[in-house]
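Visitor: To start, I am sharing the structure in question, which I have written as structure tokens.
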Amino acid sequence: MSSNSFANLCIFHIMDGLRDGLSHFSQISRVALLYAIKPGDPLRIYDPQDLLRDHEPKLKEIYIDSDKWKSGSRHDDTTRLIELIKTKDLALAGLISCSARSSSLFYQCWFTEQHPNMCSIGPTQSWMEYAAMILSQDYAAQNILRLDSSGHLLREYSTHAVRDYIVDQRNRIMGWDTQLRIYPILDAILGISKTKEEGAWARGDLIFIEPSELESLNYLAKFPENERPALKNHKHVRKLLQSVENSSRKLVSDGKCVVGISSCTPSNTSISANFKGERGILQLGPESICSFADATFSSTNFKPNLVQLEETLLEIPLDGNDRHGLFQFANKMVASATNQSHGCTLVLDFNETPVKIAGQTLEIPLDLKDPEIRGLARALTKLDGAVHIGKDVKVYGFACLLDGKTVSGENRGRGARFNSALRFTAEHPNIIVIVVSSDKPVSIIQRGAELTASCDWTQHFACVSTPPTLEEWIEQ
């Protein structure tokens, strides 16, 4: 097998595993690669789903008009497995990148999407670093039997990516002198998160402190050393979490057992798990690393993503204050419905005279600029039916029923709220409907189409031909 054919196989398996893994950890994600095998080789690009399209000017500036990306390389150094390249030049909007050199591959740079609802890009960067290392190893080994297992490793790498990022950050702050072992901590967090107590999911904070720092804490309650609950006893720890629910108190652990209860403030190296019922957030110090739900880690921060609504409002002729007010009020109402785990529908009506919608009308519209009225409006989202809001930032009705003729984009898997909104907006083009499902997804719908819908990217099952050079790709 030629070196180009083997490189194509390596790249395909690594990219397929990385893309699939990141799509489960975040939302659907694309991946692209720039690479040169030897110092004199042209830089090639493998971008099967056009992730890097529209970034051609920046790529040309960095890689074609300049040779700075080649500087500092020592390709003949066979003792070096891989060298990660830290550079700010690759700051492409909306993308996460990771560049590396190794003795087997002169240069490689991986790219993926930076989704707006990510807690942190850190675990994703660790994932891409591992992909770069595996590609270098597989190409150096020239063993075709390794390729499929490499792709599988990258698909299932989420917990390892979270662990790698936490370890890297703690080592950067405090060096290698640490007694906390991250894998048992992550296993315990997932185990506790899926353990119910009297039918209820876990709530409250569990914080992991370096053993050498435990004595400096002020404890509200501390357990004798020989009677401390073991961290691996998920049921016992779940019971203890009831003592810190809805408070500033935290269960304190040394990574092996629960030491006591304290109201301590997280340090830069402490690891915290904030259990919020069916889901939770993992933090390193004050920084959110990732979330967890259904016994898996995810990049999402569970905050409603209304970026598409904000962009759409900019295209509608509105007074600047009213546009800002509408977005802020919609954001708060959606966040309230999401946090309380109930669905809701908001109708944003931009007609000069609001349309008539069947439902509970009001003698005098409710002015959302009044703080007390805003609280009432949030409560009205709990009722079945939609809340009708005009362009003047007033509520004209609630418990509204949306109807209309069937449209082509209906999805029977999304329920009545979603499909009714599609039908209604198809017949009322000057209206935007926001649908919040009880299981958290938020949909922005206008003119019978979901503006927040994600594309189904075509999956490629082989990298058959050698990818084009970057210059050829830019000229296409």
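The values are calculated or read from the model by the stated rules, or taken from the named source; none is laboratory data. The shown structure was predicted, so the numbers you read here are calculated from the model rather than taken from an experiment. Cβ coordinates were reconstructed from backbone atoms using ideal geometry, including for glycine residues, and neighbour counts include every protein chain displayed.
Visitor: Select from the range 37-54 the residues that are surrounded by fewer than 19 Cβ atoms within 10 Å (Cβ to Cβ) and without any contact (Cβ under 8 Å) to a residue 60 or more places away in the chain and list them in ascending order.
Guide: GLY40, ASP50, ARG53, ASP54
Visitor: Can you find a residue in the range 49-57 that is of a type outside the set (Asp, Glu), in a helix (DSSP H, G or I) and farther than 22 Å from GLU129 by Cβ?
Guide: yes
Visitor: Run THR425 past the list (1) farther than 17 Å from MET333 by Cα; (2) touching a helix residue (DSSP H, G or I) at 6+ places or on another chain (Cβ under 7 Å) and report the number of the one that doesn't hold.
Guide: (2)
Visitor: Out of the residues in the range 369-394 that are small (Gly, Ala, Ser) and either in contact with a Phe, Trp or Tyr (Cβ under 7 Å, 6 or more places away or on another chain) or part of a loop (DSSP other than H, G, I, E, B) (or both), which is nearest to GLN328 (Cα to Cα)?
Guide: Checking each candidate, the answer is GLY390.
Visitor: Here is a follow-up. Could you list, in sequence order, all residues of the range 174-198 that are surrounded by fewer than 20 Cβ atoms within 10 Å (Cβ to Cβ) and of a type in the set (Gly, Ala, Ser)?
Guide: GLY175, GLY191
Visitor: Could you list, in sequence order, all residues of the range 25-46 that are closer than 23 Å to ARG146 by Cα and either within 22 Å of the chain's Cα centre (by Cα) or among the charged types (D, E, K, R) (or both)?
Guide: VAL31, ALA32, LEU33, LYS38
Visitor: Name every residue in the range 200-234 that is in contact with an Asp or Glu (Cβ under 9 Å, 6 or more places away or on another chain), surrounded by fewer than 16 Cβ atoms within 10 Å (Cβ to Cβ) and free of Cβ contacts under 8 Å to residues at least 40 places away in the same chain, in order of residue number.
Guide: SER212
Visitor: Okay, next question. Which one of LEU401, LEU470 is in the same structural domain as VAL355 (by TED's automatic domain parsing) and either aromatic (Phe, Trp, Tyr) or modelled with pLDDT of 85 or more (or both)?
Guide: Matching residue, one of LEU401, LEU470: LEU401.
Visitor: Here is a follow-up. Quick one: which residue in MET118, MET133 is more than 19 Å from the chain's Cα centre (by Cα) and not charged (D, E, K, R)?
Guide: Every option except MET133 fails the conditions.
Visitor: Next question, about the same structure. If you go through the range 355-364 one residue at a time, do you hit one that is under 15 Å from MET333 (Cα atoms) and assigned by TED's automatic domain parsing to the domain that holds MET333?
Guide: no
Visitor: Based on this model, can you work out whether SER336 counts as on the phi > 0 side of the Ramachandran plot and in the same structural domain as ASP319 (by TED's automatic domain parsing)?
Guide: Considered against the rule, which asks whether it is on the phi > 0 side of the Ramachandran plot and in the same structural domain as ASP319 (by TED's automatic domain parsing), SER336 comes out as no.
Visitor: Here is a follow-up. Could we say that HIS13 is assigned by TED's automatic domain parsing to the domain that holds ALA141, touching a Pro at 6+ places or on another chain (Cβ under 8 Å), modelled with pLDDT under 90 and under 28 Å from ALA161 (Cα atoms) here?
Guide: Criteria not met by HIS13.
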